[in-house]
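Remarks on the structure that follows.
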Amino acid sequence: MRFPAKSKLSGGRFSTSFLFPGKAQSFRLCCIAQSIDASTLAELVSKQHWSEVKRRLRNPALALPQMLDSGVDPGLLLRYFVWSRKELGLSHSLDLTFRVLHSLICSKMYPKVRSFLDQFVKDDTPHSVSSVFHAISTCSDSICNKSIIADMLLLSYTKNMKTRQGLEAFYRAGDYGFNLSILSCNPLLNNLVKERSIDDAERVYRELVRRRFVFNAITFNTVINGLCKAGRLNKASNVAEEMKALGFSPNVITYNSLIDGHCKAGGPGKMYKVDAIVQEMARNGIPLNVVTYNTMIHGYCKDENLQAALKLFDEMRKQDMMPNAITYNSLIGGFCSNRELDKALRLRDEMLSLGLSPNIVTYNVLIGGLCKNGMLSEARMMLDDAETEGLGLSVITFNTLIDAYSKSGRMEEALSLHQLMHDKGVVPNVSTYNCLIGGFCREGKMASVWELLREMKEKGLNADVISYNTVIDSLCNHGMSRRGMILLDDMLNNSVNPTHITYNTLMEGYCKEGNLRAALKVRELMEKRGRRANTVTYNVLIKGFCKQSKMEDANRLLNEMLEKGLLLNKATFEIIKEEMVEKGFVPDIDGHLYNA
DNA sequence: ATAGGGTTAG
């Protein structure tokens, strides 16, 4: 018996499970047999006689399992799979899909599987990772082949920036006992680090250690670099030690990451730690390279220790190591923050004489330096210079200038730059808007602020925590803390995480309005949401109480912050001096702290 | 497949 094959609907799919539930499969197999056998079908597919295939197929849904069972060439299987999906609108189950992929793996047709999976993860209606792994687990008996598929899938997720799915795939692979390779795990770690999900990167690394994974140096370096970027220097050094224990020698990249971490960590004596690392490199016979020097030079420049930076610069030259544009950009930035613009400009000329081309970053540094030294028109001219040089202006070029104009209250010029960047095809980002919003906030022109926020939304740019903090600060400074609180709710609705700054700003606003109760409520809220009061929180509250001459309360808060081990900062001591001692109240705190 | 430079909030 045969169903008429007039339409897709009548082709067998219609029917059986509802006539004979539970017997659907066998009923189909014996009664709605294909009018065409698997090998003939394969033959037609190989010749790409698609209209013939279409005409002779009685039950398209059955063709694929039939071909799989008859051991048809995997290449033809795939070809039929893709064709039937596109031309017949069939959506094959995950199980069948992965059985096809498995047959390709068995024939070592790896590139085909790779490109298939690449497409597969780009799918608009993605399958859940768990259902995909279930399909992988049943597509074969060979754990080795299943591992290969899982590994390729993970790489596809990662390459397509589906890091969350990649992460889940990593753990599922572990649950099923599949073995992954550094080819997919290193890029996963790299993505996690780039997305600042350092906790996840660390967990993946720990899991790899637990699974006795076959590492290479890159695995360790990626994790160490991520930890350094997150400022977790102790953990980074621990991983470097583990690396040694597992038989790998840290290389120049490992050390450069650690050096950069220490340079950026700040704190007193950080450069001694850097020095210790350099000495360890020397002991291990690892020469410093240009990145090492650049990192250290940049560290000193940020400290405004130009002397030390120039000493290293000199050392480089003595070793015949050629500085590059990055070296110069750091030094130029250093001179700019030292208000030595003449020297900064001279370095740009030196670059040219060495055959190094100043790039857009060089110009951005110089423009920023000119702006910070109040030379806005010179900075504006330098933007034109950069363009004349044929350098592509970056969004940062514009942001730097827009911010400078905004900070000088020259909003018309700021807006005209905003227009100019649009004309030049440079796309504004959240920072661009934040600079403009900051400018209007400082002028109290809230109507323009709302207008900018609306414009952002229109462009699909989401306000970030800086946008919110800026606006909240302005509202608080204009006696509208209550409206600031409404924005706090708005942040949460838009899944923007408030920071200490957000809460502290609101508290300060309420304190200025004399509403201490509301300020304390904000602190409660902040702690309820897992943010502990910090030094600034206490400074704000102590000052608020002092202003209302509630000295005992202020004193109690001061003691509370000491009990919590919070460090008093410059602002704290100023408050103590100006709001307490000068007004005749001597706080009862430890003498040594008071003397500090 | 891993390292270095430029912009925004208290």
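The values are calculated or read from the model by the stated rules, or taken from the named source; none is laboratory data. Since the structure is predicted, the reported quantities are computational estimates derived from the model, not experimental observations. Here the Cβ positions follow ideal geometry from the backbone for every residue, glycine too, while neighbour counts run over all protein chains shown.
Can you say whether A:A463 is touching a residue at least 12 places away in the same chain (Cβ under 8 Å), among the aliphatic types (A, V, I, L, M) and not in a helix (DSSP H, G or I), as far as the supplied structure shows? When the stated conditions are applied, A:A463 passes them.
Criterion applied to A:L393, A:L436 was being more than 9 Å from DNA strand B (Cβ to nearest atom) and either assigned to a loop (DSSP other than H, G, I, E, B) or more than 24 Å from A:Y510 (Cβ to Cβ) (or both), and the one residue passing it is A:L436. Answer with yes or no whether A:K108 is assigned to a loop (DSSP other than H, G, I, E, B), charged (D, E, K, R), over 28 Å from A:K54 (Cα atoms) and at pLDDT 95 or above. So A:K108 fits the description; yes. Every listed requirement among (1) more than 30 Å from A:S467 (Cα to Cα); (2) crowded, with 21+ Cβ neighbours inside 10 Å is met by A:F545 save one, (1). On inspection, A:K407 qualifies as over 30 Å from A:N289 (Cα atoms) and either within 9 Å of DNA strand B (Cβ to nearest atom) or among the basic types (K, R) (or both).
For region A:377-386, a residue qualifies if it is over 16 Å from A:E340 (Cα atoms) and either more than 10 Å from DNA strand B (Cβ to nearest atom) or among the aromatic types (F, W, Y) (or both), and the qualifying residues are A:S377, A:R380, A:M381, A:M382, A:L383, A:D384, A:D385.
Residues in region A:127-147 that are among the aliphatic types (A, V, I, L, M) and either crowded, with 21+ Cβ neighbours inside 10 Å or at pLDDT below 95 (or both): 3 in all. Taking the criterion of being in contact with a helix residue (DSSP H, G or I) (Cβ under 7 Å, 6 or more places away or on another chain) and touching a residue at least 24 places away in the same chain (Cβ under 8 Å), the residues of region A:338-352 that qualify are A:N338, A:L341, A:A344, A:M351. Pairing each residue of region A:289-304 that is more than 12 Å from A:N256 (Cβ to Cβ) and among the aromatic types (F, W, Y) with any residue that is part of a helix (DSSP H, G or I) and more than 7 Å from DNA strand B (Cβ to nearest atom), provided the two are 6+ apart or on different chains, yields C-beta distances under 6 Å for A:Y300/A:A308; A:Y300/A:A309.
Quick check, is A:A276 touching a Pro at 6+ places or on another chain (Cβ under 7 Å) and more than 9 Å from DNA strand B (Cβ to nearest atom)? No. No other residue among A:N216, A:N251 is near DNA strand B (Cβ under 8 Å from one of its atoms) and within 30 Å of A:K318 (Cα to Cα) apart from A:N251.
Within region A:148-204, the set of residues being away from DNA strand B (no atom under 14 Å from the Cβ) and surrounded by fewer than 18 Cβ atoms within 10 Å (Cβ to Cβ) comprises A:N160, A:R164, A:Y171, A:G174, A:D175, A:Y176, A:G177, A:N179, A:D199, A:R203.
Is it the case, given these coordinates, that A:R114 is away from DNA strand B (no atom under 16 Å from the Cβ), surrounded by fewer than 19 Cβ atoms within 10 Å (Cβ to Cβ) and assigned to a helix (DSSP H, G or I)?
Values: away from DNA strand B (no atom under 16 Å from the Cβ): no; surrounded by fewer than 19 Cβ atoms within 10 Å (Cβ to Cβ): yes; assigned to a helix (DSSP H, G or I): yes.
No; evaluated as a whole, the condition is false for this residue.
For region A:252-307, the set of residues classified as assigned to a helix (DSSP H, G or I) and of a type in the set (V, I, T) consists of A:V252, A:I253, A:T254, A:I259, A:V274, A:I277, A:V278, A:V290, A:V291, A:T292, A:T295, A:I297, listed by residue number. Across region A:40-69, the qualifying residues are those that are polar (S, T, N, Q) and within 48 Å of the chain's Cα centre (by Cα), and the one among them that is farthest from A:C106 (Cα to Cα) is A:Q48. The residues of region A:54-103 that are among the polar types (S, T, N, Q), crowded, with 21+ Cβ neighbours inside 10 Å and over 19 Å from A:I136 (Cα atoms) amount to a single one, A:S84.
When every residue of region A:285-296 is checked against the conditions, at least one turns out to be of a type outside the set (V, I, T) and more than 32 Å from the chain's Cα centre (by Cα). Which of the residues that make up region A:492-511 are within 11 Å of DNA strand B (Cβ to nearest atom) and assigned to a helix (DSSP H, G or I)? Within region A:492-511, A:H500, A:I501, A:T502, A:Y503, A:N504, A:T505, A:L506, A:M507, A:E508, A:G509 meet the criteria. Whenever a residue of region A:535-547 is closer than 18 Å to A:F585 by Cβ, its partners that are at pLDDT 95 or above and within 11 Å of DNA strand B (Cβ to nearest atom), lying with C-beta atoms within less than 7 angstrom and at least six residues away or across chains, give the pairs A:L541/A:M507.
Residue count for region A:328-371 satisfying the condition of being within 13 Å of DNA strand B (Cβ to nearest atom) and outside any helix (DSSP H, G or I): 4. Cβ-Cβ contacts under 7 Å between residues 6 or more apart (or on different chains), taken from a first residue in region A:358-377 that is on the phi < 0 side of the Ramachandran plot to a second residue that is of a type in the set (F, W, Y) and in a helix (DSSP H, G or I), are listed as A:T362/A:Y328; A:L376/A:Y405. Listed here are the helices (runs of 4 or more DSSP H) enclosed by region A:524-596 that have at least 2 residues being of a type outside the set (S, T, N, Q) and within 14 Å of DNA strand B (Cβ to nearest atom): A:535-547, A:570-575.
I'd like to check something: does region A:502-523 contain any residue that is buried (at least 23 other Cβ atoms within 10 Å of the Cβ) and of a type in the set (D, E)?
Yes, region A:502-523 contains a residue that is buried (at least 23 other Cβ atoms within 10 Å of the Cβ) and of a type in the set (D, E).
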